[in-house]
Each structure stands twice: as structure tokens, then as C-alpha cells.
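So the structure is just underneath, and the comments pick up after that.
Computed from the coordinates by the stated procedures, all read-outs in this text should not be read as laboratory data. Note that the structure is predicted; figures quoted are calculated from it, not measured. Every residue, glycine as well, gets a Cβ built from its backbone with ideal geometry; the counts of neighbours run over all protein chains shown.
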Amino acid sequence: MKCSLENEALERILVWPYNRRIAILSNYEYAKQILQAFLISKIVKCASENIYLIDYSGRFRSELLSNIVGHEKLENIVYLEKLINGIRGYSLHIHNPSESNVRIGSSIRNVDVEFIIITDYSPSKALKGTKGFLKVYCRKRKDGIYELKTFTDKVLIAVSEGRIVEAFKILPKYLFRALSLLKEAAAEYGNYTVKDAVVIVSARMNVNKNFARKIISDLVSYGFIEVNKGYVIV
């Protein structure tokens, strides 16, 4: 049975469910906890065996899970203080292992689970020298929007009211409108300059060019567009 994450951006960046060893690395504690809780909440829906959560920092907020996981499923989540030999279950979730002396590579040899998902600091001391994990780097962009990046791809997600949602859903309406216009222009005309983008936004949204420049600057800050050598990348 395929466990859907019900989030296109996350499934894309994690290559879900084909990658089964995942490390999300970030120095934003809240983002790490939300991402770990979100993944557990989706996995628990299709798990017939125990799900294990180990928090080496002692700071993981259990209410993040209880807020999004039904009470009947919470009993399938087993909390452990440290990794023990012979764990068998559906998934193993490890939070901030770099706060201990644990080395992930040697510690998981006797673990029998479908998924291992680690949330840790960047760089991660616990993962040093460990192979076989997809490393996803998380950084904050603006107003609850985070960028998740691997060596080959990147996506945006948003954290809203303790949940993961599609990033565009928390954009102010005027920014979403501008983003749609810029995407349409890219599809129709191909590459265009920042100056062209200002003209497009100003004319189509009936705003002055100074405000159009601010809109484009905000979209860059959020991570929805990039500017490279004077050209806009949507």
C-alpha cells in the first residue's frame, strides 16, 4: 500500500515513497519538528506495525503530533529515549541525533523497518560518513515559507497553524496574481528581463512601476522566482 503524503511538493523533493532513508537537515527547530510530525501523521495512516520516535534533544513537542494524528492512531507511535537493538516496525523517526554521540550508520544496522526519517542539524555530526540517505536541506525564506533543497531539486512549502501546506496557499492574493502573470509570460515569451517583468506586472495589475518592483522583490524573497544575470526565472 502506498502511503501518500498528500502534498505534491514534499512527494517530489523526497521522491516519495521510493526513497526510504531520508535526512532533513536544518537549524530551524520548529520547521524540523513540523516536518517530522507531518511525515509521521501520513505514515501512520497506512502502517500496520509500530512507528518509533526517538528524540535525542528532549525538545520534540508531542502536541504537534496529537494535533494532527487521530487518537486511535497515536497508540501506534512508540516513544524511545535512544535507539535499541532489534527494533522491528513500519518506520523509525530520529530527531536531533547530533545532540548525542550516536552514529547513525552503525546504529541502524539491526533495525528492521520500511522507512527511516531523520531530522537533524545542518551539518549533521550523526550522519557523518553515512551513506544511503537522501539529504534534504531546509532553510527559511519568508513568512512561514521554507525551501527544501537536494543536490538536484528544490521546492517550497509553507507552515501554517502547525501544518504543512502548499506554499502558494499562504501568499497574499496580489502576489499570487503577479506570480500567475509571470508564469503565463514565461510560457508565452520564454526568458524575459526584470525590466520586462516590471512592465508586465505594472500593466496587467494596473499598479505603478515602483510597486511592481516591490512585488517582484517580494516574490524573490519568498523563493517563487529567481533573478539570474538580469533575467527572471519562474
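List of remarks:
- The C-alpha atoms of the chain define a longest principal axis, and helix 194-205 lies at about 80 degrees to it.
- Given +1 at the Cβ of Lys and Arg, -1 at the Cβ of Asp and Glu and no other charges, the dipole of the stretch 8-169 around its Cα centre is 640 debye to the nearest 20.
- For the stretch 24-89 versus the stretch 107-171, the gap between their alpha-carbon centres in whole angstrom: 14
- The GluC sites (Glu not before Pro) of the stretch 120-222 that meet both conditions, a loop assignment by DSSP and at most 10 other Cβ atoms within 10 Å of the site Cβ, are E161.
- Difference of contour (0.36 nm per residue) and Cα-Cα distance, K173 to V15: 53.9 nm
- The stretch 1-67 shape via C-alpha gyration tensor axes, a/c threshold 1.5: oblate
- With Cα atoms, 0 to 90° folded angle of helix 209-222 axis to the chain main axis: 10
- Using θ = phi - 60° in the Karplus curve 6.51 cos²θ - 1.76 cosθ + 1.60, the 3J(HN,Hα) couplings for the stretch 155-168 round to 9, 10, 10, 10, 9, 9, 6, x, 10, 8, 10, 4, 4, 5 Hz; x is entered for Gly and Pro.
- The slack between V207 and S48, meaning 0.36 nm per residue of separation minus the straight C-alpha distance, is 51.7 nm.
- The lysines within cross-link reach of K214, meaning a Cα-to-Cα straight distance under 27 Å and a gap of 8 or more places when in the same chain, are K140, K142, K149, K154, K169, K173, K183, K195, K229.
- Scaling the Cα radius of gyration of the stretch 34-98 by the globular reference 2.2 N^0.38 Å produces a ratio of 1.04.
- Entry for semi-axes √(5λ) of the Cα gyration tensor in Å (calculated from the structure that is shown) out of (1) 36, 19, 15; (2) 34, 17, 16; (3) 39, 18, 15: (3)
- Whichever lysines have a C-alpha closer than 24 Å to that of K45, once near sequence neighbours (fewer than 8 apart) are set aside: K2, K32, K73
- Couplings 3J(HN,Hα) for the stretch 21-29, derived from phi with the Karplus relation 6.51 cos²θ - 1.76 cosθ + 1.60 (θ = phi - 60°), are 10, 10, 10, 9, 10, 6, 9, 9, 4 Hz, where x marks Gly and Pro.
- Using a simple spin-label model with pseudo-atoms 7 Å out from Cα toward Cβ, V111 and K214 lie 4.8 nm apart.
- Dimensions of the stretch 192-231 along the principal axes, based on C-alpha atoms and rounded to the nearest Å, stand at 25, 19, 14, largest first.
- Size descriptor, Kirkwood hydrodynamic radius, that averages inverse alpha-carbon separations across the stretch 72-148, Å: 14.1
- From phi via Karplus (6.51, -1.76, 1.60), per-residue ³J(HN,Hα) for the stretch 226-234 in Hz, x at Gly/Pro: 10, 10, 10, 6, x, 9, 8, 10, 9
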